[in-house]
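Colleague: Attaching a single structure in structure tokens format; questions to follow.
All of the numbers you see were taken from the coordinates with simple rules; none came from a lab. Since the structure is predicted, the reported quantities are computational estimates derived from the model, not experimental observations. All Cβ positions, even for glycine, are placed from backbone atoms using ideal geometry, and neighbour counts span all protein chains on display.
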Amino acid sequence: MDRKQVTDWIAAYERAWRTPGTDTLGTIFTEEASYRQGPYWTPVVGLPAIARMWDAQRDGPDEVFRMSGEIVAVDGDTAVTRMEVRYGDPVRQEYRDLWIIRFAGDGRCRSFEEWPYWPQQPTGLESAGS
């Protein structure tokens, strides 16, 4: 993978989120892909399970959001990106996310892991040093 391919994949991910249904997921995820919504979450495995999770997590294809990001690194079949997503207008929820994306040879994602953070999220650091 190179940076352009990763940029194109991120654009396809956003298009899929904005598209009714889940039929387009097969163009960005492999049939047996895993999708982990947080570093300690149990991964959702397989395209049908990812499709169910996808539909449950979004308000629908008309959901108002802005997504931006930058590629931090690309090494072989693995990319790390720093993303920011703001939902609503006015913004009602925002996330800053790290995405770890592992790609199959055909450019689709075989493993997706996100590390989401949002304002006022407990970090566990509040009790550090106590």
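Colleague: Identify all residues within region 53-99 that are over 14 Å from the mean Cα position of the chain (by Cα), closer than 19 Å to S111 by Cα and not β-branched (V, I, T); write none if there are none.
Modeller: Matches in region 53-99: A73, D75, G76, D77.
Colleague: Any idea how many residues of region 1-25 are outside any loop (DSSP other than H, G, I, E, B), in contact with a helix residue (DSSP H, G or I) (Cβ under 9 Å, 6 or more places away or on another chain) and of a type in the set (A, V, I, L, M)? Please lay out each step first, then the result.
Modeller: If we filter region 1-25 for residues that are outside any loop (DSSP other than H, G, I, E, B), which is where we start, we get 3-18, 23-25.
Pick out the ones that are also in contact with a helix residue (DSSP H, G or I) (Cβ under 9 Å, 6 or more places away or on another chain) and you get 12, 15-17, 23-25.
Okay, now just the ones that are also of a type in the set (A, V, I, L, M), so 12, 16, 25.
So the answer is 3.
Colleague: Quick check on region 38-45. Is at least one of its residues under 11 Å from the mean Cα position of the chain (by Cα) and either in a loop (DSSP other than H, G, I, E, B) or among the polar types (S, T, N, Q) (or both)?
Modeller: Yes - at least one qualifying residue is present in region 38-45.
Colleague: Next question, about the same structure. Sort out which residues of region 33-85 are under 16 Å from T7 (Cβ atoms) and hydrophobic (A, V, I, L, M, F, W, C), and write them in order of number.
Modeller: Hits for region 33-85 are M67, I71, V72, A73, V74, A79, V80, M83.
Colleague: Select from region 26-37 the residues that are outside any loop (DSSP other than H, G, I, E, B) and in contact with a strand residue (DSSP E or B) (Cβ under 9 Å, 6 or more places away or on another chain) and list them in ascending order.
Modeller: Of the residues in region 26-37, the ones outside any loop (DSSP other than H, G, I, E, B) are 26-27, 29-36.
Hits for region 26-37 are F29, T30, E32, A33, S34, Y35, R36.
Colleague: With the condition being surrounded by 14 or more Cβ atoms within 10 Å (Cβ to Cβ) and among the acidic types (D, E), I'd like the strands (runs of 3 or more DSSP E) fully within region 62-110 carrying at least 2 qualifying residues. Break it down stepwise before answering.
Modeller: Details: elements: 65-75, 78-87, 93-103.
So the answer is 93-103.
Colleague: Among the residues of region 46-61, write down those that are within 19 Å of P116 (Cα to Cα) and assigned to a loop (DSSP other than H, G, I, E, B).
Modeller: The first filter runs over region 46-61 and keeps only residues within 19 Å of P116 (Cα to Cα), leaving 50, 53-59.
Within region 46-61, R58, D59 meet the criteria.
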